[in-house]
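The next block holds one structure in the form of structure tokens; read it before the comments.
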Amino acid sequence: MNQVDYLRISLIDRCNFRCQYCMPEGSELDYILKQQLLTDAELLTLIKEVFIPVGFTRFRLTGGEPLLRPRVVELVEAITSLPATQDISMTTNGFLLAPIAQNLYDAGLQRINISLDSLDPHIFDQIIGSRGRSRWQQVWDGIQAAYHVGFDPLKLNVVVIPGVNDHEILDLAALTIDKQWHVRFIEFMPIGNSELFGDRGWISSSELRQQISDHWGLTESQVCGAGPADVCQIPGAKGTLGFISQMSECFCDRCNRMRLSADGWLRPCLLNETGQLDLKTALRHGVSTIHLQEKVKHLLAIKPEINFKGRDSGTTGAYSRTMSQIGG
Ligand code: SAM
Ligand code: SF4
């Protein structure tokens with residue numbers, strides 16, 4: 001059985017972008033009220049007294065947009081200072097990154113993933129739902145800042161949407177040639193915007209891989225990721241290409257993670273809501289962290305049965321919650 005030692009923590013469900021595939025403009029989201037968010041102290045208690053003792057060692061901070069969380073640098077520092085946290089990473093849209101990249105690095109953040117769905121500012125703005133001034137340059141500045149500060153690996157996440165950014169696959173893949181950047185293509189899932197998904201459909205990783213391979217050839221990467229991506233390289237490239245195929249391939253058997261929402265729900269599977277635990281309410285009612293450890297251990301034990309396959313609608317159905325709410 002796979003060791004589940006990786007927790008994705010949503011710091012906040014809000015976002016300063018409205019990506020078409022995630023939380024499009026006009027979609028009514030019930031944001032978590034401030035008093036319902038886990039406080040910094042509650043989050044640290046859960047990591048220190050519940051998750052680390054039951055075997056979690058790797059933590060990814062995400063959202064919504066994690067950089068919107070007040071005092072995010074201090075929070076990162078407090079998490080990285082906890083003993084037994086081996087690996088702290090973050091997934092961000094990069095918009096607010098440039099001025100605090102160095103501070104995050106100094107606070108102990110080791111790895112960073114930045115979403116970049118297009119190299120064309122106009123298309124980028126369409127995807128993220130930006131009106132008015134283009135936001136592309138500021139995100140690009142964030143990526144450059146993260147690179148110069150020394151985040152390693154530096155990963156760029158691309159969600160491929162047919163007819164929107166699929167003509168840029170080779171240009172995005174080419175970013176890995178001269179710099180040690182790792183571009184990861186993510187299959188578009190019917191989560192967040194099922195209408196767009198219905199209109200556009202999705203492109204499989206094998207199709208993308210073929211396109212890149214036809215152009216450059218591809219070699220298996222020496223760098224092996226611990227996550228769900230299949231990793232390979234353009235021959236001679238400094239960086240790597242990863243393909244995350246949650247639509248075309250079921251990697252439930254390799255799943256090594258759980259998710260904690262910003263309001264403290266522990267979720268064993270991205271797309272299956274069975275078994276979720278409300279850790280925040282338990283904490284606020286004075287339930288001991290020893291007791292919470294037992295609950296989490298039980299969830300770990302039954303996790304193999306809670307997976308995508310266990311859902312009634314299979315992987316082509318639409319899901320009621322967005323990635324920003326779950327903590328993608
Ligand atoms: N705001 C940050 C960002 O965009 O990187 C972190 C949160 S976002 C929910 C995390 C990841 O989920 C991003 O890489 C995003 O592209 C991905 N995502 C969101 N909706 C998706 C969808 N419908 N299909 C595939 N990936 C999705
Ligand atoms: Fe925000 Fe990230 Fe969702 Fe885009 S993908 S709307 S940046 S949470």
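Each reported figure results from applying straightforward, stated rules to the coordinates on display, with no laboratory input. As the structure is a prediction and not an experimental result, all values here were calculated from the model. Note: ideal-geometry Cβ built from the backbone for every residue, glycine included; neighbour counts use all protein chains shown.
Here are the numbers for the structure shown:
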| item | result |
| --- | --- |
| By average C-beta atoms within 10 angstrom, highest first, the peptides 285-295, 161-171, 58-68 | 58-68, 161-171, 285-295 |
| Global size of the chain as Cα Rg and Dmax, reported in angstrom | 19.0, 59 |
| Degrees separating the helix 169-178 axis from the principal Cα axis of the chain, which is the longest one | 80 |
| Region 13-53-region 59-81 distance, computed between alpha-carbon centres (Å) | 11 |
| Rounded to 5, percent antiparallel among DSSP beta bridges of the chain | 20 |
| Neighbourhood charge, 11 Å Cβ-Cβ cut-off, centred on GLN35 and excluding it, Lys, Arg +1 and Asp, Glu -1 | +2 |
| Karplus 3J(HN,Hα) series, Hz, for region 54-69 with 6.51 cos²θ - 1.76 cosθ + 1.60 (x for Gly, Pro) | 8, x, 6, 10, 10, 10, 10, 9, 9, x, x, 9, x, 6, 7, 5 |
| J(HN,Hα) series, region 108-118, from Karplus relation 6.51 cos²θ - 1.76 cosθ + 1.60, nearest Hz, glycine and proline x | x, 5, 9, 10, 9, 10, 10, 7, 8, 8, 7 |
| Bins of 10 Å from zero: percent of alpha-carbon pairs in region 160-215 | 22, 50, 23, 5 |
| Percent of C-alpha pairs per 10 Å bin, region 110-168, short to long | 22, 49, 26, 3 |
| Value of D in µm² per second that Stokes-Einstein yields for region 43-128, Kirkwood Rh from Cα pairs, at 4 °C (1.567 mPa s) | 93 |
| Eligible lysines near LYS155 by straight Cα distance, threshold 30 Å, same-chain separation 8 or greater | LYS48, LYS179, LYS238, LYS303, LYS309 |
| Region 99-139: trypsin sites (Lys or Arg not before Pro) in DSSP coil with no more than 13 other Cβ atoms inside 10 Å | ARG131, ARG133 |
| Inter-site label distance for ALA301 and GLN3 at 7 Å from Cα along Cβ, in nm | 2.1 |
| Computed [θ] at 222 nm, helices only, for the chain once each DSSP H run of length n ≥ 4 contributes -39500 (n - 2.57) | -8500 deg cm²/dmol |
